[in-house]
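The values are calculated or read from the model by the stated rules, or taken from the named source; none is laboratory data. Just so it is clear, the model here is predicted, and its values are computed rather than measured. Cβ coordinates were reconstructed from backbone atoms using ideal geometry, including for glycine residues, and neighbour counts include every protein chain displayed.
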């Protein structure tokens, strides 16, 4: 198992996503909702979860979109952060040393303006110890002219994954957008190009308006909708992709507790990511991971590997 496994790890809920990405739990914390783990580690025992996906890292530091860039919506939130981050140099120097201490898998989310940007970031991270894989963000709806342009195009997705596969032997997880006509087509392109797993869904393009001021709530006008409101969409997309690809799927979108996570596993996900609800319950990852372990360690329980994708539709 992973070098991160401890004596308190959860053997019944352990998951392998392939190419060296071994998780002690199928529960991951999603990119953009837990920064680089420092603050959350004071509120949640991160060694109990499967892993943490860092905030997106780009080649250069980014300030992101102007405020206001986040707003609450019914059963969710909408954001247009714009991939604000410290950049690759500060990430390696200031963030990685702490991430190595977490006792769980560390997956680095990567964003860029071009294929060259993505390749350069991965090349520079590949020699850095303590990282278990990369989540390639091809699906952010909040940055004009960047990530999602590649993520909505089958050929562009195939090209970027192919180039990244030449650079690294580490696990490549490709993050997909629901804002496409056929998500399974994009998923197949990523698989054919050498992706090890797929994570889906990213946020749904949305908008919020203040009728009193007659203005949008976000300075960016539109943003990415997340939270419980998008769970039915996410489940449908996971189920669709599960029927199309052979590589593991990491499901996300509106997970607010144990039951939600189990639904994603039934729909075909091998692991899940919890995002927006980290803002509401900072220890939700630990609680869901514990509940899943208790479920699958109970006498007579179906093994996790058999449970995943066992949805009964007939």
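When segment 166-182 is filtered for residues that are assigned to a strand (DSSP E or B) and farther than 14 Å from residue 137 by Cβ, only 171 remains. Would you check if there is a residue in segment 183-196 being touching a strand residue (DSSP E or B) at 6+ places or on another chain (Cβ under 7 Å), assigned to a helix (DSSP H, G or I) and within 17 Å of residue 270 (Cα to Cα)? Yes, that holds for at least one residue. The residue that is surrounded by the most Cβ atoms within 10 Å (Cβ to Cβ), counting only those in segment 57-75 that are in contact with a helix residue (DSSP H, G or I) (Cβ under 9 Å, 6 or more places away or on another chain), in contact (Cβ under 8 Å) with a residue 40 or more places away in the chain and at negative phi, is 57. Taking the conditions (1) buried (at least 21 other Cβ atoms within 10 Å of the Cβ); (2) in contact (Cβ under 8 Å) with a residue 40 or more places away in the chain in turn, residue 85 satisfies each one other than (2). Selection of segment 167-181 for residues being surrounded by fewer than 21 Cβ atoms within 10 Å (Cβ to Cβ) and at pLDDT 95 or above yields 167, 168, 169, 170. The lone criterion from (1) in contact with a helix residue (DSSP H, G or I) (Cβ under 7 Å, 6 or more places away or on another chain); (2) surrounded by fewer than 24 Cβ atoms within 10 Å (Cβ to Cβ) left unmet by residue 211 is number (1).
Within segment 134-142, identify whether any single residue is buried (at least 17 other Cβ atoms within 10 Å of the Cβ), at pLDDT below 90 and farther than 17 Å from residue 53 by Cα, and answer yes or no. Checked segment 134-142: at least one residue is buried (at least 17 other Cβ atoms within 10 Å of the Cβ), at pLDDT below 90 and farther than 17 Å from residue 53 by Cα. Annotation: of all residues in segment 34-56 being in contact (Cβ under 8 Å) with a residue 40 or more places away in the chain and not in a loop (DSSP other than H, G, I, E, B), the one that is nearest to residue 278 (Cα to Cα) is 40.
The one condition from (1) under 20 Å from residue 234 (Cβ atoms); (2) in contact with a helix residue (DSSP H, G or I) (Cβ under 6 Å, 6 or more places away or on another chain) that residue 286 does not meet is (1).
Considering segment 59-118, and only residues there that are under 23 Å from residue 169 (Cα atoms) and over 21 Å from the mean Cα position of the chain (by Cα), the residue that is modelled with the lowest pLDDT turns out to be 116.
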